[in-house]
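> Can you read through this structure? Questions will come right after.
The values are calculated or read from the model by the stated rules, or taken from the named source; none is laboratory data. Everything numeric here is computed off the predicted structure, so don't read it as measured data. Cβ: placed from backbone, ideal geometry, glycine included. Neighbour counts: every protein chain shown.
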Amino acid sequence: MGMQFGIFTVGDVTTDPTTGATPTEHERIKATVEIAKKAEEVGLDVFATGEHHNPPFIASNPTATLAYIGAQTENIILSTSTTLITTTDPVLIAEDYAKLQHLTDGRVDLMMGRGNTGPVYPWFGKDIRQGINLAIENYALLRQLWTETNVDWKGRFRTPLQGYTSTPRPLDGVAPFVWHGSIRSPEIAEQAAFYGDGFFHNHIFWPASHSEQMVRLYRQRFAHYGHGTEEQAIVGLGGQFFMRKNSQDAVNEFRPYFDNAPVYGHGPSLEDFTEATPLTVGSPQQVIERTLSFREYVGDYQRQLFLLDHAGLPLKTVLEQLDLYGEILPTLRSEFEKLRAPGVPDAPTHASLMQKAGGPKDTAVYGADDATGTTDRRLDDPDVTKALEGEL
Amino acid sequence: MGLNTLDHAKRIVVVSAGLSVPSSTRLLADMLAEASERAVEARGVEVEVQHVELRGLAHALTDNLLTGFPSQELAAAIDAVRHADGVIAVTPVFSASYSGLFKTFFDVLELGVLDAKPVLLGATAGTARHSLVIDHALRPLFAYLHAIVVPTGVFAATEDFAATGAGAGGDLHKRVERAAGEFAGLVAGATSVATAAAPRRLVEDEFEHPTDFADLLKRASDGPPEY
């Protein structure tokens, strides 16, 4: 399929600086669903939502949102941006996303992130100073829960587990593909490389040199750990654009949103910031050219997500941006395909992971009969067959 | 002098936060820099001096606070400090302390950049009533940053710049020479005074020599249970 294109959101409730209007939580939640459906409609491959547990965000309980969207879409991959591996119990992540796999027939992957501010950690009994350690231990447990049954586990950050089996088991015995996201923590690039997982750089708000440095480290370590060549590592990038047919219209319309944006507002000028970071405000052609230039410093990569619904932009504008995204999508696909070196892999999907694993497997543990040690699913057992046929 | 002209030369970076042009802060910074250069060279060690004037970086510093990353020009200044063998830091006194501009520069430095780095402190003010500012405001800041601050800090009030004070044999001149001598001893010293404690590991170090994942995993679980 070549490169994947999509969008990601963090679910912020932000006042539109041009009108003073602030959406209600209900409006913002419904808007998120509209945006995801529109993303599928214009032909995008991925919709990812963030996770936050504090105002001004509506991004708590991401699996409910993704399952709801999954029920109203057919093809789009549902992902996260990011799943808070630091403060969320890995046992719950294992259960929730395996369930989501079943409900959406495997249209799920995840992006792990630490993505919390200091005050959030204590609400979940954690300490931000342990952020990296939490990300590392929790993820190690999560993987174990997806790949093994009857898990005995003891660690530093949660109560021990004995003989625990996370349910439901991952769909077809194949855990969702995992990306690890980090702006500037080399330890997370190392983690992604060690496991042969994907690495995603958010690539917004910060200079491209950050993305370049992190991706280079990830690729080197991916090869170091024997998962393939540096070119075969699985890389994703974020990005941010505002597009209008006429470049100057885009600048004029976006400027008040930029100037008042929660992240960079009241700081550098739009012009300085578009030069210093990958933000592109301009015509469709400008967005195409800038996006194609990303591969010059991260190499051929597998997934490009853009952040479109932020800074108080109204839903109508976001949907227009998605229409324009859809219009440049065929060009983006064909141009990236032309530039791509041979041998660069596609981003893993449920289908490709299942194929790699040698086909679907049922890894479920079915209730065993304490007396005989048999289960009613072991049809190769003559006693079970007899029981099912009513002979015993 | 360019940074790459002398690989073996010691590098001194002078950070000054004066606002007017020319400012008495820059004047004091120049005196400290020249005296330090002479004192290091007197020990038979070559030295390069680079100036970082914060006035020209004022907007970039505010932007860095808001966006979390430095502009190219500011990044170059931060890099210069990171690679310096010694730093001379001079601020005007504003409201009984260092100026906000001065503090902002040290606020955006990654923790660890000044670890075990020799630092010579200077301050200027309109009146001598602020003469303890180096001891009650600047020293605590640089103690927190784990710099090695030389015993003599140089405070100069306007009156110190009068010919009798700043000229050869004047009081200010004497203090400058003494401070520069102490600073030069640390900068030119063959061995670091602070090898006992390893400097903190910076992000750049981690990129250059990543910690093996096995060690990250071990470190993660190393410690008493936290649940």
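> I'm told residue A:107 meets every condition in (1) surrounded by fewer than 21 Cβ atoms within 10 Å (Cβ to Cβ); (2) under 24 Å from residue A:201 (Cα atoms); (3) at pLDDT 95 or above except one. Can you identify the failing condition by its number?
Failed condition: (1).
> Checking residue A:87 against (1) in a loop (DSSP other than H, G, I, E, B); (2) surrounded by fewer than 17 Cβ atoms within 10 Å (Cβ to Cβ); (3) free of Cβ contacts under 8 Å to residues at least 60 places away in the same chain: exactly one of these is not met. Which one?
In the conditions (1) in a loop (DSSP other than H, G, I, E, B); (2) surrounded by fewer than 17 Cβ atoms within 10 Å (Cβ to Cβ); (3) free of Cβ contacts under 8 Å to residues at least 60 places away in the same chain, residue A:87 misses (2) alone.
> Going through A:29, A:69, A:7 one at a time, which residue ends up being in contact with a Leu (Cβ under 9 Å, 6 or more places away or on another chain), in a helix (DSSP H, G or I), touching a residue at least 12 places away in the same chain (Cβ under 8 Å) and on the phi < 0 side of the Ramachandran plot?
Values: A:29 fails: in contact with a Leu (Cβ under 9 Å, 6 or more places away or on another chain); A:7 fails: in a helix (DSSP H, G or I).
Only one candidate qualifies: A:69.
> Out of (1) assigned to a helix (DSSP H, G or I); (2) at pLDDT 95 or above, what's the single condition that is false for residue A:226?
(1)
> I'm trying to understand the selection: among the residues of the stretch B:198-227, which are more than 22 Å from residue A:211 (Cα to Cα), more than 9 Å from chain A (Cβ to nearest Cβ) and surrounded by 15 or more Cβ atoms within 10 Å (Cβ to Cβ)?
Answer for the stretch B:198-227, where residues must be more than 22 Å from residue A:211 (Cα to Cα), more than 9 Å from chain A (Cβ to nearest Cβ) and surrounded by 15 or more Cβ atoms within 10 Å (Cβ to Cβ): just B:199.
> Return yes or no: is residue A:323 modelled with pLDDT under 95 and out of contact with any strand residue (DSSP E or B) (no Cβ under 9 Å at 6 or more places or on another chain)?
Working: modelled with pLDDT under 95: no; out of contact with any strand residue (DSSP E or B) (no Cβ under 9 Å at 6 or more places or on another chain): yes.
For residue A:323, the condition - modelled with pLDDT under 95 and out of contact with any strand residue (DSSP E or B) (no Cβ under 9 Å at 6 or more places or on another chain) - is not met.
> Across the stretch A:159-191, what is the number of residues that are within 11 Å of chain B (Cβ to nearest Cβ) and within 18 Å of residue A:356 (Cβ to Cβ)?
Of the residues in the stretch A:159-191, 0 are within 11 Å of chain B (Cβ to nearest Cβ) and within 18 Å of residue A:356 (Cβ to Cβ).
> Quick check on my filter: what residues within the stretch B:100-124 are in contact with a strand residue (DSSP E or B) (Cβ under 8 Å, 6 or more places away or on another chain) and of a type in the set (Val, Ile, Thr)?
B:119, B:124
> Yes or no: residue B:146 more than 14 Å from every other protein chain (Cβ to nearest Cβ) and either modelled with pLDDT of 95 or more or farther than 18 Å from residue B:32 by Cα (or both)?
It is true that residue B:146 is more than 14 Å from every other protein chain (Cβ to nearest Cβ) and either modelled with pLDDT of 95 or more or farther than 18 Å from residue B:32 by Cα (or both).
> What pairs can you find where one residue is in the stretch A:331-359 and closer than 20 Å to residue A:75 by Cα, the other is among the hydrophobic types (A, V, I, L, M, F, W, C) and at pLDDT below 95, and their Cβ atoms are less than 9 Å apart, with a gap of 6+ or different chains?
Filtered contacts from the stretch A:331-359: A:346/A:1; A:347/A:1; A:349/A:1.
> Go through the stretch A:257-271 residue by residue and tally those that are within 29 Å of the chain's Cα centre (by Cα) and assigned to a helix (DSSP H, G or I).
Counting residues in the stretch A:257-271 that are within 29 Å of the chain's Cα centre (by Cα) and assigned to a helix (DSSP H, G or I) gives 4.
> While we're on this one: Among (1) over 16 Å from residue A:63 (Cβ atoms); (2) of a type in the set (A, V, I, L, M); (3) within 14 Å of chain B (Cβ to nearest Cβ), there is one condition residue A:85 misses while meeting the rest; what is its number?
Only one criterion in (1) over 16 Å from residue A:63 (Cβ atoms); (2) of a type in the set (A, V, I, L, M); (3) within 14 Å of chain B (Cβ to nearest Cβ) is unmet by residue A:85, namely (1).
So that you can scan it fast, the table gives a plain yes or no per residue for (1) among the small types (Gly, Ala, Ser); (2) out of contact with any Lys or Arg (no Cβ under 7 Å at 6 or more places or on another chain):
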residue: A:134; (1), (2): no, no
residue: A:171; (1), (2): no, yes
residue: A:177; (1), (2): no, yes
residue: A:180; (1), (2): no, yes
residue: A:189; (1), (2): yes, no
residue: A:197; (1), (2): no, yes
residue: A:216; (1), (2): no, yes
residue: A:222; (1), (2): no, yes
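> What's the total number of residues in the stretch A:275-294 that are touching a strand residue (DSSP E or B) at 6+ places or on another chain (Cβ under 9 Å) and more than 13 Å from every other protein chain (Cβ to nearest Cβ)? First the steps, then the outcome.
Quick first cut of the stretch A:275-294, residues touching a strand residue (DSSP E or B) at 6+ places or on another chain (Cβ under 9 Å) only: A:277-284, A:286-287, A:289-291, A:294.
In the following step, the residues that additionally are more than 13 Å from every other protein chain (Cβ to nearest Cβ) were identified as A:280-284, A:286-287, A:289-291, A:294.
Adding up the residues that qualify gives 11.
> So for the stretch A:237-247 (the condition being under 28 Å from residue B:204 (Cα atoms) and within 14 Å of chain B (Cβ to nearest Cβ)), does at least one residue qualify? Spell out the reasoning first.
Residues of the stretch A:237-247 under 28 Å from residue B:204 (Cα atoms): A:237-240.
Keeping just the survivors that are within 14 Å of chain B (Cβ to nearest Cβ) gives A:240.
Yes - at least one qualifying residue is present in the stretch A:237-247.
> Of the residues in the stretch A:210-254, how many are basic (Lys, Arg) and out of contact with any Pro (no Cβ under 8 Å at 6 or more places or on another chain)?
Taking the stretch A:210-254 first, the residues basic (Lys, Arg) are A:216, A:219, A:221, A:244-245.
Of the ones still in play, those that are also out of contact with any Pro (no Cβ under 8 Å at 6 or more places or on another chain) are A:216, A:219, A:244.
Count: 3.
> Among what's in the stretch B:123-139 and is out of contact with any Ser or Thr (no Cβ under 6 Å at 6 or more places or on another chain) and under 25 Å from residue B:64 (Cα atoms), pick the residue that is surrounded by the most Cβ atoms within 10 Å (Cβ to Cβ).
Of the residues in the stretch B:123-139, the ones out of contact with any Ser or Thr (no Cβ under 6 Å at 6 or more places or on another chain) are B:125, B:127-136, B:138-139.
Add one more test, that the residue is under 25 Å from residue B:64 (Cα atoms), and what stays is B:138-139.
On the way: B:138: 26, B:139: 16.
My answer is B:138.
> Sticking with this one: Tally the residues that are at the interface with another protein chain (Cβ under 7 Å from one of its Cβ atoms) and either under 30 Å from residue A:268 (Cβ atoms) or of a type in the set (Lys, Arg) (or both), restricting the search to the stretch A:192-226. I'd like the intermediate steps shown before the answer.
Let us first name the residues in the stretch A:192-226 that are at the interface with another protein chain (Cβ under 7 Å from one of its Cβ atoms), namely A:194, A:205-207, A:213, A:217, A:221.
Okay, now just the ones that are also either under 30 Å from residue A:268 (Cβ atoms) or of a type in the set (Lys, Arg) (or both), so A:205-207, A:213, A:217, A:221.
Residues in the stretch A:192-226 being at the interface with another protein chain (Cβ under 7 Å from one of its Cβ atoms) and either under 30 Å from residue A:268 (Cβ atoms) or of a type in the set (Lys, Arg) (or both): 6 in total.
> So in the stretch A:99-145, with the set limited to residues that are without any contact (Cβ under 8 Å) to a residue 60 or more places away in the chain and among the basic types (Lys, Arg), which one is nearest to the other protein chains (Cβ to nearest Cβ)?
A:126
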